[in-house]
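Since the structure comes first, as structure tokens, the remarks are kept for the end.
The values are calculated or read from the model by the stated rules, or taken from the named source; none is laboratory data. Keep in mind that what you see is a predicted model, and the values were worked out from it rather than measured. Using ideal geometry, Cβ is built from the backbone for each residue, glycine included, and neighbour counts are taken over all protein chains shown.
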Ligand code: SAH
Ligand code: SF4
Ligand code: F3S
């Protein structure tokens, strides 16, 4: 039997797909291109309505007798309900059940489908993808926790990933050491609230974990996502002391208005958020930030939105992901009147994106003439001899180079746009 995995959603899904690939390879299945595979595994995202719908239209592309498994967050959220939608799906596998994918393949092979495995589990499921199962030889994802107890009023994730559970320290260190030994230049720690991680045995917290990891020979260590409401000042000290802890933090604000943050059930105010940003910058003037924002949330006034725009300006983010609010089942806000008309929400989204593009252009133009350390992350898909790389703050740099993917190099910045930099490799 051959398989193909299609991944939607966030880095945690990318990482889960690596684990699923690992298990399928172990089971003796062989990878195949999308058009030829006998088994299609769709790792799905439920965070907004539109991406969720994409999953069902994608599943519909595969004629029988191919088998289709929907795994991940839509599987967890919709469960057997997926079958009543007449979707082209043979098996539904939730976020806490994909370690059973081997048995599920056996069930499908012996004709026991449709079926669903969607129970939640409180236990951490220890699964480390082997080298052949990882997507990238440059960036390795390392899960440290899963789940969320915050219940932001718009968010479905607590229902798709369950309550927080934390991976034991020894297992994290073991995988990190193996990744360092395998020569990964970049490791990204993953979890919905990484900065709330605690060792289940000793209670040791996230700053201390980072301090340990900073001693490993890994060039850049990153982590996503940090929840501002869980900020621990010790993190600032640890980052300042650890030179391989990349000077960039994804720190989703969601809104610049404290009134709206309260309605969103985010446990911080605008001024607390800005206080944390300042604390990082006092200790590390080179520290950079990125964020997520939602516009058109129920009750968002012109004044609230203006506060979001002014937060963009005040922080000067490196990059921002922005979304129009999408009501999600079982969330608190889904019951509230959607009082921001769709056209106005779209207008606000475009205004936000335009403002952010101007901020990025200004930031990027300020770098022209400087020399930056760049991790060569891929060859340009169309331009021969061109490489695409990332800076420590995760800016994209395009430059001609013969350096192999996965290598660090110094690039002299010669040009800048809002979304990327251009440069020449320094030869010395
Ligand atoms: N764990 C991450 C969020 C994961 S969801 C965190 O807490 O930051 C990724 C982003 O999707 C969120 O940061 C939010 O900006 C956006 N998002 C979540 N639910 C949404 C909804 N109902 N409508 C629009 N955007 C949403
Ligand atoms: Fe969703 Fe909020 Fe949890 Fe992030 S912190 S996953 S936005 S509920
Ligand atoms: Fe989507 Fe699930 Fe991630 S809903 S954003 S894939 S945690």
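Observations
- Filter result for the condition that a residue is more than 23 Å from the chain's Cα centre (by Cα) and modelled with pLDDT under 95, over 345, 338: 338
- Residue under evaluation residue 260, criteria (1) within 15 Å of ligand 2 (Cβ to nearest atom); (2) more than 29 Å from residue 9 (Cα to Cα), criterion not met: (2)
- Strands (runs of 3 or more DSSP E) fully within the stretch 63-165 that include at least 1 residues being away from ligand 2 (no atom under 16 Å from the Cβ), touching a residue at least 60 places away in the same chain (Cβ under 8 Å) and under 18 Å from the mean Cα position of the chain (by Cα): 139-143.
- Pairs linking a residue in the stretch 33-54 that is free of Cβ contacts under 8 Å to residues at least 40 places away in the same chain and over 14 Å from residue 71 (Cα atoms) to a residue that is assigned to a loop (DSSP other than H, G, I, E, B) and within 16 Å of ligand 3 (Cβ to nearest atom), with Cβ atoms under 6 Å and 6 or more positions apart or on different chains, do not occur.
- Neighbours by Cβ (under 7 Å, 6+ apart or cross-chain): first from the stretch 252-280, free of Cβ contacts under 8 Å to residues at least 40 places away in the same chain and farther than 17 Å from residue 320 by Cα; second within 16 Å of ligand 3 (Cβ to nearest atom) and not in a loop (DSSP other than H, G, I, E, B): 261/254
- Residue among 87, 178 that alone is more than 16 Å from ligand 3 (Cβ to nearest atom) and modelled with pLDDT of 95 or more: 178
- Among residues that are surrounded by 20 or more Cβ atoms within 10 Å (Cβ to Cβ), at pLDDT 95 or above and in contact with a helix residue (DSSP H, G or I) (Cβ under 9 Å, 6 or more places away or on another chain), residue 312 is included.
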